[in-house]
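Undergrad: Before we start, here is the structure in question, set down as structure tokens.
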Amino acid sequence: MLYDSLLLTGVAFFGFLVPNIALGVGASILLPKPILFLHLILVAAAYFLWFWHRKGRTLAMQTWKIRLQSVDGTAPSFERLLLRFLLAWPSLFFFGAGLIWAVFDRDRQFMHDRLAGTRLVFTGPGSA
């Protein structure tokens, strides 16, 4: 998650900050805070959903040899991926409760994965 957040910083720079600076400097437009927040969420959604849908993993997940799949082992549908993305936010921001859930879950899955019908699997050497 830390590695993905670093990569997302770069994505947010080009997908969020640069366009808003261009609007501010070039057209003297300052968007309202709710629009800015929505724009930032859409940039994050585009990053995660594009990688999850295209390869089943983000760049950070590729490095750690982790893949996202449905519980039946198939590639998740776009709707399932969107649900996972939306559920990950409360999972993270309610004091990390959805992440701590993995410690007690029988399959060591995060709460948002359990609810979305997805799972993270290790694809490195020696994985089953």
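Undergrad: Which numbered condition trips up residue 43, out of (1) among the hydrophobic types (A, V, I, L, M, F, W, C); (2) touching a Leu at 6+ places or on another chain (Cβ under 8 Å); (3) closer than 25 Å to residue 9 by Cα; (4) surrounded by 15 or more Cβ atoms within 10 Å (Cβ to Cβ)?
TA: (2)
Undergrad: Go through the stretch 94-108 and give me each residue that's in contact with a helix residue (DSSP H, G or I) (Cβ under 6 Å, 6 or more places away or on another chain) and not charged (D, E, K, R).
TA: Those that are in contact with a helix residue (DSSP H, G or I) (Cβ under 6 Å, 6 or more places away or on another chain) and not charged (D, E, K, R): 98, 101.
Undergrad: Okay, next question. Could you list, in sequence order, all residues of the stretch 104-113 that are of a type in the set (D, E, K, R) and at pLDDT below 95?
TA: Correct list: 105, 106, 107, 108.
Undergrad: From the set of residues in the stretch 78-128 that are of a type in the set (Ser, Thr, Tyr) and surrounded by 12 or more Cβ atoms within 10 Å (Cβ to Cβ), which is nearest to residue 1 (Cα to Cα)?
TA: My answer is 91.
Undergrad: When you look at residue 125, is it in the same structural domain as residue 3 (by TED's automatic domain parsing) and modelled with pLDDT under 95, yes or no?
TA: no
Undergrad: Please enumerate the residues belonging to the stretch 8-34 that are exposed (fewer than 13 other Cβ atoms within 10 Å of the Cβ), in contact with a Leu (Cβ under 9 Å, 6 or more places away or on another chain) and not β-branched (Val, Ile, Thr).
TA: Within the stretch 8-34, 24, 30 qualify.
Undergrad: Also, I was wondering about something else. Those residues that are in a loop (DSSP other than H, G, I, E, B) and modelled with pLDDT under 90, I need them from the stretch 17-63; list them, please.
TA: Those that are in a loop (DSSP other than H, G, I, E, B) and modelled with pLDDT under 90: 28, 29, 30, 31.
Undergrad: Determine whether the stretch 25-36 contains at least one residue that is more than 16 Å from the chain's Cα centre (by Cα) and under 25 Å from residue 1 (Cα atoms).
TA: Yes, some residue in the stretch 25-36 is more than 16 Å from the chain's Cα centre (by Cα) and under 25 Å from residue 1 (Cα atoms).
Undergrad: Further question on the same structure: Between a first residue in the stretch 113-128 that is under 14 Å from residue 75 (Cα atoms) and a second residue that is at pLDDT below 95 and exposed (fewer than 12 other Cβ atoms within 10 Å of the Cβ), which pairs have beta carbons less than 7 Å apart while being 6 or more apart in sequence or on different chains?
TA: Hits for this filter: 119/107.
Undergrad: Here is a further query. Please work out which one of (1) touching a residue at least 24 places away in the same chain (Cβ under 8 Å); (2) surrounded by 13 or more Cβ atoms within 10 Å (Cβ to Cβ); (3) farther than 29 Å from residue 14 by Cβ is the condition residue 66 fails and give its number.
TA: (3)
Undergrad: Related question: Is it the case that residue 59 is touching a residue at least 24 places away in the same chain (Cβ under 8 Å), within 24 Å of residue 125 (Cα to Cα) and not aromatic (Phe, Trp, Tyr)?
TA: In short, yes.
Undergrad: On to the next question. Scan the stretch 74-103 for residues that are modelled with pLDDT of 95 or more, of a type outside the set (A, V, I, L, M, F, W, C), out of contact with any Phe, Trp or Tyr (no Cβ under 8 Å at 6 or more places or on another chain) and not in a helix (DSSP H, G or I) and jot them down.
TA: 74, 77
The values are calculated or read from the model by the stated rules, or taken from the named source; none is laboratory data. Everything numeric here is computed off the predicted structure, so don't read it as measured data. A quick note on method: Cβ atoms are made from the backbone with ideal geometry, for glycine too, and the neighbour counts reach across all protein chains shown.
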